[in-house]
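Engineer: Here it is: the structure, laid out below.
The values are calculated or read from the model by the stated rules, or taken from the named source; none is laboratory data. On a predicted model such as this, the values are computed, not experimentally measured, just so you know. Cβ placement follows ideal geometry from the backbone for every residue including glycine, while neighbour counts extend to all protein chains displayed. With ligands, DNA and RNA removed, areas are computed over all heavy atoms of the protein, side chains included. Shrake-Rupley method; radii C 1.70, N 1.55, O 1.52, S 1.80 Å.
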Amino acid sequence: MSGEIELVSDGDGVAIFGDPREIDLFLSTAGVPSKEIALHHKLGSALSTGSGAAQAGSQIAANSGRWVKLTEDSAKALKLGKAMKGSSDGVSRAIATTSKGKVTKILEFVKPGSVGSMLTNPAMLAGAAGIMAQLAMQQTMDEITDYLAKIDEKVDDVLRAQKDAALAEMIGVGFVIDEAMTVREHTGRVSNVTWSKVQGASQIVATTQAYALRQLDALAEKLEKKRSVGDVAEVAAAADATVEEWLAVLARCFQLQDGLAVLELDRVLDAEPAELESHRAGLQAARRKRREQIATTTRSLLARMDAAASTANEKALLHPFKAATVVRSSNEVAADVLVFNERIGIDTARQEIETKRWHEAVGEAREKAVEASGEAVEVVRRFSIKTFEDAKVVGEKLGHEIAERMPQRRASADADAAATGDER
């Protein structure tokens, strides 16, 4: 495969296999960070049986692999088309022809059994996909660690204060999972002893996640129920003070669940390698569902905070300080939510709301008053015209009646005058 490298994508990342020199040149030219994929070490048990195992093992030994997190920027830098992104739980493969570190041509997707493909062995492909899933989750775990470190003071308030039994249990299993990940890093596998320590941890973490989501939902509902600006300002300020704390709890839960998934994949690879691919797909589906649950809650919170800020701005004339408090709290909560969502892979867009100044509110009120006055003047004008026209019609009608009666009155008067003269 001189001048060729093999690319495998699972939607979260891209694994690149081939000659180490070709891969290094390719990645250095693209300028994207990568992690090593230890296929030979990880896939020993998966390739220990079955036809072609020896050949597959020799191919892996002769080639190396690197993993790159798949983002818009990395896909652009690697010059990968949409086809390489694949589905979120499927695996796509292609052969790329390179020249001086640049991809010159990506051939059609390699089908199982194709000549020249390194990952033709189903067990090897499943193992590679499993390792890629682990690397993607470990990447997210590292990013969450950085996120928690930046808000360490607020993490102390919730994660270490142990105010609630649910949080206390989560903190405890967190230590156990972290220990298991450390042992795995040093031994390269998950033994029966290590696995026995983390069994049952998933339920505790899931309970804590549900608890944190309920806290955020309760804040959003409480905010929505308030009507006066003063009450809304009070709830918004409370949300500003507590939302980031509950986001920290959710982040830690997501991190621990990814850690458990990494341990699970190693355990399945070691004990039931034939089940690895289906188990990987199941874990990916469960991960997407967790992310969607969190996204639903955080987006709902943002929508209600923004609605409260918009309503408060409308009442800035009478309550300028309280309205400003609501808008400021809304923007600060939104900033916390956006950072958190980005860390766990949730796309969220939001336009910052500007606080309406008091003089702006006065100007708007004046414009409305002028507009209302103009409407009143127009009504009076129209009423006056209608009254004049009605009076004109009545006058004309009366004039016609008078004109019709005048000849009759003159004839009657002449008759009376004639009668009077005769008598004289």
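Engineer: Sorted by average packing, counted as other Cβ atoms within 10 angstrom per residue and highest first, what order do 98-105, 321-328 take?
Structural biologist: The peptides rank, most packed first, as 321-328, 98-105.
Engineer: Moving on. Along Cα→Cβ, 7 Å out, is where each label goes; now give me the distance between the ones at GLU4 and THR348 in nm to one decimal.
Structural biologist: Between GLU4 and THR348, the simple spin-label model gives 4.6 nm.
Engineer: Oh, and also: Report the calculated FRET efficiency for ASP142 and GLU36 (r = Cβ-Cβ distance, R0 = 22 Å), to the nearest 0.05.
Structural biologist: Result of the calculation: an efficiency of 0.90.
Engineer: To continue, here is another question. Can you work out the accessible area per residue across the stretch 222-343, with the rest of the protein chains kept in place, probe 1.4 Å, in square angstrom?
Structural biologist: With the other protein chains kept in place, the stretch 222-343 gives 41 Å² per residue.
Engineer: Take the cross-link list LYS225/LYS322; LYS79/LYS289; LYS150/LYS322 and give me the ones stretching past 23 Å between alpha-carbons.
Structural biologist: Checking Cα-Cα distances, LYS79/LYS289; LYS150/LYS322 exceed 23 Å.
Engineer: If packing is taken as the mean number of other Cβ atoms within 10 Å per residue, what is the order of 126-139, 194-207, highest first?
Structural biologist: Highest mean packing first, the order is 126-139, 194-207.
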